[in-house]
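**Q** First, the structure itself, so that you have it in front of you.
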Amino acid sequence: LRKPPLMSDRPLRIGITCHPSVGGSGILASELGAELAQRGHDVHFISHAAPFRMPRNQPRIHFHPVQVNDYDLFKYPDYTLPLSVKMAEVAAAQRLDILHVHYAVPHATAAMLAMTMLPPGQRPRVVVTLHGTDVMLLGSDAGYGPAIRHALESADAVTTVSRFLQGQVRTKLGYAGPVEVIPNFFAPQSPTRTRDTVRAELGLAPGEAMLLHTSNLRPVKRIDLLLQTVAQIRPRESFKLVVLAGGDFSGFMAEAARLGIADRVVVRENVLAIEDYLHAADLGLFTSEMESFCLSILEAMTFGCPSAAFAVGGIAEVVEDGRSGALVPFGDTVALARAMERLLADPARRDALGTAARERALALFSADRVVARYVDFYRSVGSPQG
(Lines give C-alpha, C1' and ligand atoms only; values in the text may rest on other atoms or scores of the structure.)
Protein backbone atom coordinates (compact mmCIF):
# COMPACT_ATOMS: atom_id res chain seq x y z
CA LEU A 1 0.00 0.00 0.00
CA ARG A 2 1.18 3.51 -0.77
CA LYS A 3 2.40 5.34 2.33
CA PRO A 4 0.64 8.63 3.17
CA PRO A 5 2.25 11.86 1.91
CA LEU A 6 4.79 13.60 4.09
CA MET A 7 3.79 16.43 6.36
CA SER A 8 4.24 19.70 4.50
CA ASP A 9 5.17 21.76 7.53
CA ARG A 10 8.61 20.38 8.38
CA PRO A 11 11.98 20.09 6.64
CA LEU A 12 12.79 16.81 4.98
CA ARG A 13 15.69 14.47 5.71
CA ILE A 14 17.07 13.44 2.34
CA GLY A 15 19.83 11.02 1.39
CA ILE A 16 21.48 11.51 -1.99
CA THR A 17 23.73 9.02 -3.77
CA CYS A 18 25.46 9.82 -7.06
CA HIS A 19 28.67 9.19 -8.92
CA PRO A 20 31.20 11.70 -7.54
CA SER A 21 33.13 12.15 -10.79
CA VAL A 22 32.56 14.91 -13.35
CA GLY A 23 29.34 14.18 -15.23
CA GLY A 24 25.81 15.49 -15.58
CA SER A 25 24.23 13.14 -13.04
CA GLY A 26 26.73 13.92 -10.31
CA ILE A 27 26.66 17.65 -10.98
CA LEU A 28 22.85 17.77 -10.91
CA ALA A 29 22.74 15.71 -7.70
CA SER A 30 25.31 17.96 -6.03
CA GLU A 31 23.51 21.13 -7.06
CA LEU A 32 20.17 19.68 -5.95
CA GLY A 33 21.58 18.85 -2.53
CA ALA A 34 22.98 22.35 -2.13
CA GLU A 35 19.68 23.95 -3.11
CA LEU A 36 17.68 21.69 -0.81
CA ALA A 37 19.95 22.55 2.11
CA GLN A 38 19.58 26.27 1.42
CA ARG A 39 15.84 25.76 1.69
CA GLY A 40 16.15 24.24 5.16
CA HIS A 41 16.20 20.50 4.40
CA ASP A 42 18.85 18.15 5.82
CA VAL A 43 20.88 16.50 3.06
CA HIS A 44 23.12 13.45 3.47
CA PHE A 45 25.41 12.53 0.56
CA ILE A 46 26.40 8.86 0.48
CA SER A 47 29.20 7.88 -1.91
CA HIS A 48 32.76 6.55 -2.05
CA ALA A 49 34.06 10.11 -2.51
CA ALA A 50 32.68 13.60 -2.08
CA PRO A 51 30.83 14.57 -5.28
CA PHE A 52 32.67 16.96 -7.59
CA ARG A 53 30.45 19.95 -6.85
CA MET A 54 29.22 19.07 -3.37
CA PRO A 55 29.48 22.23 -1.23
CA ARG A 56 31.94 22.05 1.62
CA ASN A 57 31.14 23.54 5.02
CA GLN A 58 27.54 24.41 4.10
CA PRO A 59 24.98 24.04 6.90
CA ARG A 60 22.67 21.00 6.68
CA ILE A 61 24.95 19.17 4.21
CA HIS A 62 26.61 15.98 5.44
CA PHE A 63 28.87 13.49 3.70
CA HIS A 64 29.00 9.79 4.59
CA PRO A 65 31.90 8.02 2.82
CA VAL A 66 31.59 4.42 1.70
CA GLN A 67 34.67 2.31 2.45
CA VAL A 68 35.55 0.01 -0.44
CA ASN A 69 37.91 -2.85 0.42
CA ASP A 70 40.06 -4.53 -2.19
CA TYR A 71 39.94 -8.16 -1.06
CA ASP A 72 42.17 -10.63 -2.90
CA LEU A 73 39.18 -12.94 -3.16
CA PHE A 74 37.57 -10.64 -5.75
CA LYS A 75 38.99 -9.92 -9.19
CA TYR A 76 37.42 -6.44 -8.93
CA PRO A 77 36.60 -4.46 -5.77
CA ASP A 78 32.90 -4.58 -4.94
CA TYR A 79 31.07 -1.29 -4.36
CA THR A 80 27.39 -2.24 -4.42
CA LEU A 81 27.37 -4.19 -1.17
CA PRO A 82 29.33 -1.65 0.94
CA LEU A 83 27.16 1.11 -0.52
CA SER A 84 23.96 -0.71 0.43
CA VAL A 85 25.22 -1.21 3.99
CA LYS A 86 26.09 2.49 4.30
CA MET A 87 22.72 3.49 2.88
CA ALA A 88 20.92 1.38 5.47
CA GLU A 89 23.16 2.69 8.25
CA VAL A 90 22.59 6.36 7.33
CA ALA A 91 18.87 5.85 6.73
CA ALA A 92 18.41 4.40 10.20
CA ALA A 93 20.73 6.77 12.08
CA GLN A 94 19.45 9.94 10.39
CA ARG A 95 15.81 8.82 10.06
CA LEU A 96 15.78 9.67 6.37
CA ASP A 97 12.48 10.45 4.72
CA ILE A 98 13.80 10.09 1.16
CA LEU A 99 16.73 8.24 -0.37
CA HIS A 100 17.27 9.82 -3.79
CA VAL A 101 19.67 7.89 -6.01
CA HIS A 102 20.97 9.40 -9.24
CA TYR A 103 21.99 7.05 -12.05
CA ALA A 104 20.62 3.55 -11.74
CA VAL A 105 23.87 1.57 -11.79
CA PRO A 106 24.69 0.51 -9.14
CA HIS A 107 22.78 2.94 -6.93
CA ALA A 108 19.21 1.73 -7.50
CA THR A 109 20.20 -1.87 -6.82
CA ALA A 110 22.12 -0.86 -3.70
CA ALA A 111 19.12 1.11 -2.45
CA MET A 112 16.81 -1.87 -3.05
CA LEU A 113 19.13 -4.10 -1.01
CA ALA A 114 19.51 -1.47 1.72
CA MET A 115 15.75 -1.33 2.22
CA THR A 116 15.65 -5.07 2.93
CA MET A 117 18.12 -4.53 5.80
CA LEU A 118 15.75 -2.15 7.59
CA PRO A 119 12.49 -2.84 9.41
CA PRO A 120 9.48 -1.42 7.53
CA GLY A 121 9.07 1.54 9.87
CA GLN A 122 12.64 2.74 9.22
CA ARG A 123 12.67 2.55 5.43
CA PRO A 124 12.83 5.86 3.59
CA ARG A 125 11.06 6.15 0.29
CA VAL A 126 13.43 5.46 -2.61
CA VAL A 127 13.44 7.83 -5.58
CA VAL A 128 15.52 6.87 -8.63
CA THR A 129 16.49 9.51 -11.18
CA LEU A 130 17.68 8.19 -14.54
CA HIS A 131 20.09 10.43 -16.41
CA GLY A 132 20.95 8.88 -19.75
CA THR A 133 23.54 6.18 -20.33
CA ASP A 134 22.11 4.14 -17.46
CA VAL A 135 19.13 3.67 -19.81
CA MET A 136 20.55 4.18 -23.31
CA LEU A 137 23.71 2.10 -22.90
CA LEU A 138 23.36 -0.17 -19.87
CA GLY A 139 19.62 -0.65 -20.32
CA SER A 140 20.30 -2.41 -23.63
CA ASP A 141 22.96 -4.66 -22.10
CA ALA A 142 21.64 -8.13 -21.26
CA GLY A 143 23.95 -8.18 -18.26
CA TYR A 144 22.43 -5.01 -16.77
CA GLY A 145 18.97 -4.35 -18.22
CA PRO A 146 16.95 -6.90 -16.20
CA ALA A 147 18.62 -5.83 -12.95
CA ILE A 148 17.95 -2.15 -13.68
CA ARG A 149 14.29 -2.84 -14.46
CA HIS A 150 13.91 -4.89 -11.26
CA ALA A 151 15.45 -2.08 -9.20
CA LEU A 152 13.06 0.46 -10.74
CA GLU A 153 10.10 -1.80 -10.01
CA SER A 154 11.25 -2.00 -6.39
CA ALA A 155 11.62 1.79 -6.02
CA ASP A 156 8.88 4.06 -4.72
CA ALA A 157 9.23 6.56 -7.56
CA VAL A 158 11.21 7.03 -10.78
CA THR A 159 12.09 10.28 -12.54
CA THR A 160 13.95 11.21 -15.71
CA VAL A 161 15.40 14.50 -16.89
CA SER A 162 13.58 14.68 -20.25
CA ARG A 163 10.55 13.41 -22.12
CA PHE A 164 12.93 11.75 -24.57
CA LEU A 165 14.50 9.68 -21.79
CA GLN A 166 11.08 8.91 -20.35
CA GLY A 167 10.22 7.22 -23.65
CA GLN A 168 13.52 5.35 -23.70
CA VAL A 169 12.81 3.91 -20.24
CA ARG A 170 9.81 2.18 -21.80
CA THR A 171 11.64 1.13 -24.97
CA LYS A 172 15.04 0.10 -23.64
CA LEU A 173 14.04 -1.27 -20.24
CA GLY A 174 10.45 -2.34 -20.75
CA TYR A 175 9.53 -0.55 -17.54
CA ALA A 176 5.78 0.06 -17.36
CA GLY A 177 5.52 1.99 -14.10
CA PRO A 178 5.02 5.75 -13.75
CA VAL A 179 7.98 7.96 -14.69
CA GLU A 180 7.96 11.63 -13.71
CA VAL A 181 9.86 14.10 -15.91
CA ILE A 182 11.74 16.68 -13.83
CA PRO A 183 14.36 18.49 -15.93
CA ASN A 184 17.86 19.51 -15.00
CA PHE A 185 18.48 22.98 -13.62
CA PHE A 186 21.43 25.31 -13.16
CA ALA A 187 21.96 27.68 -10.25
CA PRO A 188 24.98 29.78 -11.25
CA GLN A 189 27.33 31.51 -8.88
CA SER A 190 28.50 35.02 -9.67
CA PRO A 191 31.67 35.09 -11.81
CA THR A 192 34.81 35.81 -9.82
CA ARG A 193 36.63 37.50 -12.71
CA THR A 194 35.59 39.94 -15.39
CA ARG A 195 34.89 38.83 -18.94
CA ASP A 196 37.93 40.76 -20.20
CA THR A 197 40.21 39.21 -17.59
CA VAL A 198 39.17 35.67 -18.51
CA ARG A 199 39.49 36.30 -22.23
CA ALA A 200 42.97 37.77 -21.74
CA GLU A 201 44.00 34.74 -19.66
CA LEU A 202 42.82 32.47 -22.48
CA GLY A 203 44.81 34.41 -25.09
CA LEU A 204 41.81 35.72 -27.02
CA ALA A 205 42.67 38.67 -29.20
CA PRO A 206 40.28 41.62 -29.61
CA GLY A 207 37.54 40.59 -32.01
CA GLU A 208 38.12 36.84 -31.57
CA ALA A 209 35.02 34.92 -30.56
CA MET A 210 35.17 32.39 -27.76
CA LEU A 211 33.59 29.05 -28.65
CA LEU A 212 32.98 26.94 -25.54
CA HIS A 213 32.73 23.18 -25.11
CA THR A 214 32.29 21.62 -21.68
CA SER A 215 32.08 17.87 -21.15
CA ASN A 216 33.58 14.85 -19.42
CA LEU A 217 35.14 13.77 -22.76
CA ARG A 218 33.52 10.33 -22.70
CA PRO A 219 33.11 8.63 -26.11
CA VAL A 220 29.45 9.66 -26.42
CA LYS A 221 30.57 13.33 -26.47
CA ARG A 222 32.30 12.69 -29.84
CA ILE A 223 35.29 14.95 -29.45
CA ASP A 224 36.42 13.70 -32.88
CA LEU A 225 33.38 15.37 -34.46
CA LEU A 226 33.93 18.48 -32.34
CA LEU A 227 37.43 18.91 -33.77
CA GLN A 228 36.27 18.09 -37.31
CA THR A 229 33.59 20.77 -37.04
CA VAL A 230 36.02 23.37 -35.72
CA ALA A 231 38.46 22.57 -38.54
CA GLN A 232 35.80 23.56 -41.09
CA ILE A 233 34.87 26.94 -39.58
CA ARG A 234 36.12 29.92 -41.56
CA PRO A 235 37.86 32.21 -41.08
CA ARG A 236 39.97 30.36 -38.55
CA GLU A 237 41.32 33.57 -37.11
CA SER A 238 37.82 34.62 -36.01
CA PHE A 239 37.63 32.33 -32.98
CA LYS A 240 39.25 30.08 -30.42
CA LEU A 241 37.69 26.92 -29.02
CA VAL A 242 37.91 26.74 -25.23
CA VAL A 243 37.39 23.25 -23.82
CA LEU A 244 36.50 22.86 -20.15
CA ALA A 245 37.43 19.21 -19.84
CA GLY A 246 36.32 16.90 -17.08
CA GLY A 247 39.28 14.67 -17.84
CA ASP A 248 42.57 14.47 -19.71
CA PHE A 249 42.33 16.16 -23.10
CA SER A 250 45.95 15.54 -24.11
CA GLY A 251 45.06 12.46 -26.15
CA PHE A 252 42.99 14.61 -28.52
CA MET A 253 45.70 17.17 -29.26
CA ALA A 254 47.37 15.02 -31.91
CA GLU A 255 44.12 15.05 -33.90
CA ALA A 256 43.81 18.82 -33.41
CA ALA A 257 47.34 19.20 -34.78
CA ARG A 258 46.57 16.92 -37.74
CA LEU A 259 43.56 19.08 -38.58
CA GLY A 260 45.66 22.22 -38.32
CA ILE A 261 43.71 23.73 -35.42
CA ALA A 262 46.02 23.15 -32.45
CA ASP A 263 46.56 26.90 -32.19
CA ARG A 264 42.77 27.43 -32.08
CA VAL A 265 42.19 25.10 -29.10
CA VAL A 266 42.61 26.14 -25.46
CA VAL A 267 42.01 23.54 -22.72
CA ARG A 268 41.27 23.92 -19.03
CA GLU A 269 40.76 20.71 -17.06
CA ASN A 270 38.54 20.05 -14.01
CA VAL A 271 37.42 23.65 -13.62
CA LEU A 272 35.22 24.44 -10.63
CA ALA A 273 34.51 28.13 -11.29
CA ILE A 274 32.81 27.46 -14.63
CA GLU A 275 30.83 30.69 -14.35
CA ASP A 276 33.97 32.69 -15.16
CA TYR A 277 34.18 30.96 -18.53
CA LEU A 278 30.45 30.90 -19.25
CA HIS A 279 30.42 34.66 -18.65
CA ALA A 280 33.20 35.11 -21.21
CA ALA A 281 31.87 32.80 -23.95
CA ASP A 282 30.18 33.85 -27.19
CA LEU A 283 28.91 30.51 -28.52
CA GLY A 284 28.63 26.94 -27.25
CA LEU A 285 29.48 24.00 -29.50
CA PHE A 286 28.39 20.41 -28.75
CA THR A 287 28.71 17.28 -30.88
CA SER A 288 27.37 14.44 -28.73
CA GLU A 289 25.89 11.41 -30.45
CA MET A 290 23.34 11.16 -27.64
CA GLU A 291 22.21 13.40 -24.79
CA SER A 292 19.26 12.89 -22.51
CA PHE A 293 19.24 16.63 -21.73
CA CYS A 294 22.71 18.31 -21.97
CA LEU A 295 23.32 20.27 -18.81
CA SER A 296 26.29 22.01 -20.44
CA ILE A 297 24.01 23.70 -22.97
CA LEU A 298 21.74 24.89 -20.17
CA GLU A 299 24.72 26.30 -18.27
CA ALA A 300 25.68 28.37 -21.31
CA MET A 301 22.07 29.48 -21.90
CA THR A 302 21.86 30.84 -18.36
CA PHE A 303 24.64 33.29 -19.25
CA GLY A 304 23.02 34.33 -22.52
CA CYS A 305 25.35 32.17 -24.60
CA PRO A 306 23.53 30.32 -27.41
CA SER A 307 24.80 26.95 -28.60
CA ALA A 308 24.96 24.99 -31.82
CA ALA A 309 24.65 21.22 -31.52
CA PHE A 310 23.48 18.03 -33.13
CA ALA A 311 19.73 17.47 -32.67
CA VAL A 312 19.94 14.27 -30.65
CA GLY A 313 18.02 12.92 -27.67
CA GLY A 314 16.56 15.52 -25.35
CA ILE A 315 18.55 18.48 -26.66
CA ALA A 316 15.54 19.74 -28.63
CA GLU A 317 13.67 20.04 -25.30
CA VAL A 318 16.37 22.42 -24.09
CA VAL A 319 17.13 24.39 -27.26
CA GLU A 320 14.51 25.80 -29.62
CA ASP A 321 16.17 25.61 -33.02
CA GLY A 322 16.37 29.03 -34.59
CA ARG A 323 15.07 30.80 -31.46
CA SER A 324 17.55 30.04 -28.68
CA GLY A 325 20.23 28.13 -30.57
CA ALA A 326 20.98 26.12 -33.71
CA LEU A 327 20.45 22.38 -34.23
CA VAL A 328 21.54 20.23 -37.18
CA PRO A 329 21.25 16.48 -37.92
CA PHE A 330 23.71 14.25 -36.13
CA GLY A 331 27.06 13.80 -37.84
CA ASP A 332 26.68 16.66 -40.33
CA THR A 333 29.80 18.55 -39.35
CA VAL A 334 29.58 20.70 -42.48
CA ALA A 335 26.13 21.98 -41.52
CA LEU A 336 27.27 22.56 -37.96
CA ALA A 337 30.32 24.51 -39.13
CA ARG A 338 28.15 26.63 -41.45
CA ALA A 339 25.75 27.35 -38.57
CA MET A 340 28.65 28.51 -36.45
CA GLU A 341 29.97 30.68 -39.26
CA ARG A 342 26.62 32.42 -39.67
CA LEU A 343 26.47 33.23 -35.98
CA LEU A 344 30.10 34.37 -35.88
CA ALA A 345 29.42 36.73 -38.76
CA ASP A 346 26.21 38.15 -37.26
CA PRO A 347 26.72 39.42 -33.68
CA ALA A 348 23.22 40.90 -33.59
CA ARG A 349 21.65 37.54 -34.40
CA ARG A 350 23.92 35.87 -31.89
CA ASP A 351 22.87 38.33 -29.19
CA ALA A 352 19.18 37.79 -29.99
CA LEU A 353 19.55 34.03 -29.66
CA GLY A 354 21.49 34.51 -26.43
CA THR A 355 18.77 36.70 -24.95
CA ALA A 356 16.11 34.14 -25.87
CA ALA A 357 18.28 31.34 -24.48
CA ARG A 358 18.66 33.08 -21.13
CA GLU A 359 14.93 33.81 -20.92
CA ARG A 360 14.12 30.16 -21.68
CA ALA A 361 16.60 28.94 -19.07
CA LEU A 362 15.08 31.18 -16.40
CA ALA A 363 11.50 30.33 -17.34
CA LEU A 364 11.86 26.54 -17.53
CA PHE A 365 15.07 25.41 -15.87
CA SER A 366 15.76 27.69 -12.92
CA ALA A 367 16.64 26.29 -9.49
CA ASP A 368 13.57 27.86 -7.91
CA ARG A 369 11.27 26.17 -10.38
CA VAL A 370 12.88 22.73 -10.53
CA VAL A 371 13.89 22.30 -6.88
CA ALA A 372 10.34 23.19 -5.83
CA ARG A 373 9.11 20.42 -8.13
CA TYR A 374 11.46 17.93 -6.47
CA VAL A 375 10.28 18.92 -2.98
CA ASP A 376 6.64 18.61 -4.00
CA PHE A 377 7.42 15.25 -5.58
CA TYR A 378 9.19 14.00 -2.43
CA ARG A 379 6.20 14.98 -0.32
CA SER A 380 3.78 13.29 -2.69
CA VAL A 381 5.78 10.08 -2.57
CA GLY A 382 5.58 10.08 1.23
CA SER A 383 7.64 8.36 3.89
CA PRO A 384 7.20 6.18 6.96
CA GLN A 385 8.90 8.93 8.97
CA GLY A 386 5.95 11.33 8.24
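**Q** Please work out the average accessible area per residue across the chain, using the 1.4 Å probe convention, and give it in Å².
**A** 41
**Q** Here's something else I'd like to know. Helix 104-116: angle to the longest alpha-carbon principal axis of the chain, degrees 0 to 90, nearest 10?
**A** Roughly 10 degrees, rounded to the nearest 10.
**Q** Suppose R0 equals 25 Å; then what is the FRET efficiency for residue 359 and residue 238 from their Cβ-Cβ distance, rounded to the nearest 0.05?
**A** 0.40
**Q** Cα convex hull of region 110-152: mean projected area in nm², to one decimal?
**A** The directionally averaged projection comes out at 3.2 nm².
**Q** Let me ask something else. In square nanometres, what is one fourth of the surface area of the convex hull spanned by the alpha carbons of region 49-102?
**A** Value for region 49-102: 4.9 nm².
**Q** State the percentage of accessible surface on region 163-305 attributable to carbon and sulfur atoms; use a 1.4 Å probe and exclude ligands, DNA and RNA.
**A** About 52 percent, which is the carbon plus sulfur part of the accessible surface.
**Q** Still on this structure, please answer the following. How far is it, in nm, from the label point at residue 62 to the one at residue 194 when both lie 7 Å from their Cα along the line to the Cβ?
**A** 4.5
**Q** Can you give me the long-range amide H partners of residue 99? Hydrogens built in the peptide plane at 1.01 Å from N, cutoff under 5 Å, separation of 5 or more residues or another chain.
**A** Excluding prolines and chain starts, which carry no amide H, the hits are 15, 125, 126, 127.
**Q** How much length is gained if the chain between residue 150 and residue 71 is pulled fully straight, taking 0.36 nm per residue apart and subtracting their Cα-Cα distance, in nm to one decimal?
**A** Taking residue 150 through residue 71 to full extension adds about 25.6 nm, to one decimal.
**Q** Once amide H atoms are placed 1.01 Å from N in the peptide plane, what residues at a sequence separation of 5 or more from residue 331, or on another chain, have their amide H within under 5 Å of its amide H?
**A** Excluding prolines and chain starts, which carry no amide H, there are no hits.
**Q** Same structure again: Arranged from highest to lowest average of other beta-carbon atoms within 10 Å per residue, in what order do the peptides 74-85, 116-127, 316-327 appear?
**A** For the peptides 74-85, 116-127, 316-327, the packing ranking is 316-327, 116-127, 74-85.
**Q** Keeping every protein chain in place, order 164, 186 by accessible area at 1.4 Å, biggest value first, i.e. largest first.
**A** So, going from the largest accessible area down, we get 164, 186.
**Q** Using the scaling law 2.2 N^0.38 Å as the reference, what is the normalised Cα Rg of the chain?
**A** Working it through for the chain, the quotient is 1.02.
**Q** How big is region 7-68 by the Kirkwood estimate over distinct Cα pairs, in Å?
**A** 11.7
**Q** For region 8-136, what's the relative contact order in percent, using C-alpha pairs closer than 8 Å and at least 6 residues apart?
**A** Reported as a whole number, the value is 26 percent.
**Q** How long is the gain from residue 268 to residue 254 if the chain were fully straight, where each residue apart is worth 0.36 nm and the alpha carbon distance is subtracted?
**A** Separation in residues times 0.36 nm, less the Cα-Cα distance, equals 3.4 nm.
**Q** For residue 89 and residue 224, FRET efficiency with R0 = 56 Å and r from the beta-carbon atoms, rounded to 0.05?
**A** 0.80
**Q** Can you pull the percent of region 1-151's accessible area that's carbon plus sulfur, 1.4 Å probe, other chains left in place?
**A** 58
**Q** Also: For the chain, set up a Gaussian network in which alpha carbons nearer than 10 Å are linked by springs, and say which option among 207, 174, 260 fluctuates the most.
**A** Of the options given, 207 has the highest mean-square fluctuation.
**Q** Could you give the length gained on full extension between residue 50 and residue 380, defined as 0.36 nm per residue of separation minus the Cα-Cα distance, in nm?
**A** 115.9 nm
**Q** Set the Förster radius R0 to 25 Å, insert the Cβ-Cβ distance between residue 79 and residue 180 as r into 1/(1 + (r/R0)^6), and round the FRET efficiency to 0.05.
**A** After rounding, the FRET efficiency stands at 0.35.
**Q** Which one, 292, 30, 21, has the greatest fluctuation when you compute a Gaussian network model over the chain with C-alpha springs under 10 angstrom?
**A** 21
**Q** Something else about it: Hey, could you grab the Kirkwood Rh for region 232-386? Inverse mean 1/r over distinct alpha carbon pairs, Å, one decimal.
**A** Here the Kirkwood hydrodynamic radius works out to 17.0 Å.
**Q** In nm, to one decimal, how far is the residue 348 label point from the residue 137 one, both placed 7 Å along Cα→Cβ?
**A** Those two pseudo-labels are separated by 4.5 nm.
**Q** Cut-off 10 angstrom, C-alpha nodes, Gaussian network model of the chain. Which of 315, 297, 233 fluctuates the most?
**A** Residue with maximal mean-square fluctuation among 315, 297, 233: 233.
**Q** Provide, as a two-decimal number, the C-alpha radius of gyration of region 102-179 over 2.2 N^0.38 Å, N being how many residues it has.
**A** In units of the 2.2 N^0.38 Å rule of thumb, it is 1.05.
The values are calculated or read from the model by the stated rules, or taken from the named source; none is laboratory data. This is a predicted model, so every value here is computed, not measured. Every residue, glycine among them, receives a Cβ derived from its backbone with ideal geometry; neighbour counts consider all protein chains shown. Keep in mind that these areas ignore ligands, DNA and RNA; they rest on the heavy atoms of the full protein, side chains included. Shrake-Rupley method; radii C 1.70, N 1.55, O 1.52, S 1.80 Å.
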